[in-house]
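Chemist: Take a look at this one; I'll ask things after.
Read-outs: derived from the displayed coordinates by stated rules, not from any lab. Keep in mind that what you see is a predicted model, and the values were worked out from it rather than measured. Cβ sites come from the backbone with ideal geometry, for glycine too, and all protein chains shown count toward neighbours.
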Amino acid sequence: MNGIRHRVSLAAASLTIASLTACASQPTALPVPLVRTALAPAATSTPVVITPTASPSPTALPTLPLVPTLTLVPSATPIPSVFLVAGGDVMLARQIGDRLAAGEVDYPFALVAETLRSADIAAVNLECAISDRGESLPKKAYRFRAPPSAAASLALAGIDVVTLANNHAMDYGPEGLAGASRMSARARMLPRRTLPPFSNATA
């Protein structure tokens, strides 16, 4: 029994030695060192340099000739001038007509007569008939007729022209219109040409 154990021990020892020998005969693998590979820096783009181009020079404007200076020389002969005065509607009937019939021919234009007389030509629009004749137009609300002395009042005030192309020149028919023209001419005023009155003319 002891002999068997002795042989087994020898066999185990032999195997151990053989194993060690085999391990010793094989090269030992060394650990691979970690090598850090440096990354190549990214290629940098070359900066673009923008060179400003010279702006074109502005085109020079053509030189214009200077306008000659005019020298005003007073003329030995004075330049004639005309002073005009134009008035609006003038109505010499009703209460004003009563005062004209009473002989107050300077009453209507007493405050403006000086200005009218200073004008070379003074004109007004006569919005009434000047006559003691004629019949008033029917169906018309406002009808104006001044006494014949109204023509003298206009002339004394310095009025040179009266216009009769309005809606009251025919308030007393053709006779009233003719009377205004006749009285104006007698007072040395110039009555302007009248237009045909409208049939439905109203005040």
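Chemist: Determine, for each peptide in 121-130, 179-188, the mean count of other beta carbons within 10 angstrom over its residues, then list the peptides with the highest first. Each step should come with its number before you reach the end.
Modeler: Working: 121-130: 24.2, 179-188: 18.3.
Going from most to least packed, we get 121-130, 179-188.
Chemist: I've got another one for you. In sequence order, what are the phi-derived ³J(HN,Hα) couplings for segment 91-103 according to the Karplus relation 6.51 cos²θ - 1.76 cosθ + 1.60 with θ = phi - 60°, rounded to whole Hz, with x for glycine and proline?
Modeler: Coupling constants for segment 91-103: 10, 10, 9, 6, 4, 5, x, 4, 6, 5, 5, 7, x Hz.
Chemist: What nm value, rounded to one decimal, do you get for the distance between residue 106 and residue 156 when each label is placed 7 Å out toward the C-beta?
Modeler: 0.7 nm
Chemist: Express the C-alpha Rg of segment 119-161 as a ratio against the empirical globular expectation 2.2 N^0.38 Å, rounded to two decimals. Each step should come with its number before you reach the end.
Modeler: Values: Rg = 12.8 Å, N = 43, 2.2 N^0.38 = 9.2 Å.
With N residues counted in segment 119-161, Rg over 2.2 N^0.38 Å equals 1.39.
Chemist: Ok, one more. What is the ratio of the Cα radius of gyration of segment 87-197 to 2.2 N^0.38 Å, with N the residue count, to two decimals? Intermediate results must be reported in sequence, preceding the final value.
Modeler: On the way: Rg = 12.9 Å, N = 111, 2.2 N^0.38 = 13.2 Å.
Segment 87-197 yields a ratio of 0.98.
Chemist: Subtracting the Cα-Cα distance from 0.36 nm times the residue separation, let me have the gained length for residue 188 to residue 118 in nm, one decimal. Present the calculation step by step, with values, prior to reporting the outcome.
Modeler: On the way: separation 70, 0.36 × 70 = 25.20 nm, distance 1.71 nm.
Going from the current span to full extension adds 23.5 nm.
Chemist: Peptides 111-120, 77-86: what's the order by average Cβ count within 10 Å, highest mean first? Intermediate results must be reported in sequence, preceding the final value.
Modeler: Details: 111-120: 13.6, 77-86: 8.8.
So the peptides 111-120, 77-86, ranked by packing, come out 111-120, 77-86.
Chemist: What are the extents of the Cα atoms of segment 134-184 along their three principal axes, listed from largest to smallest and rounded to whole Å?
Modeler: So the extents along the principal axes, rounded to whole Å, are 35, 17, 16.
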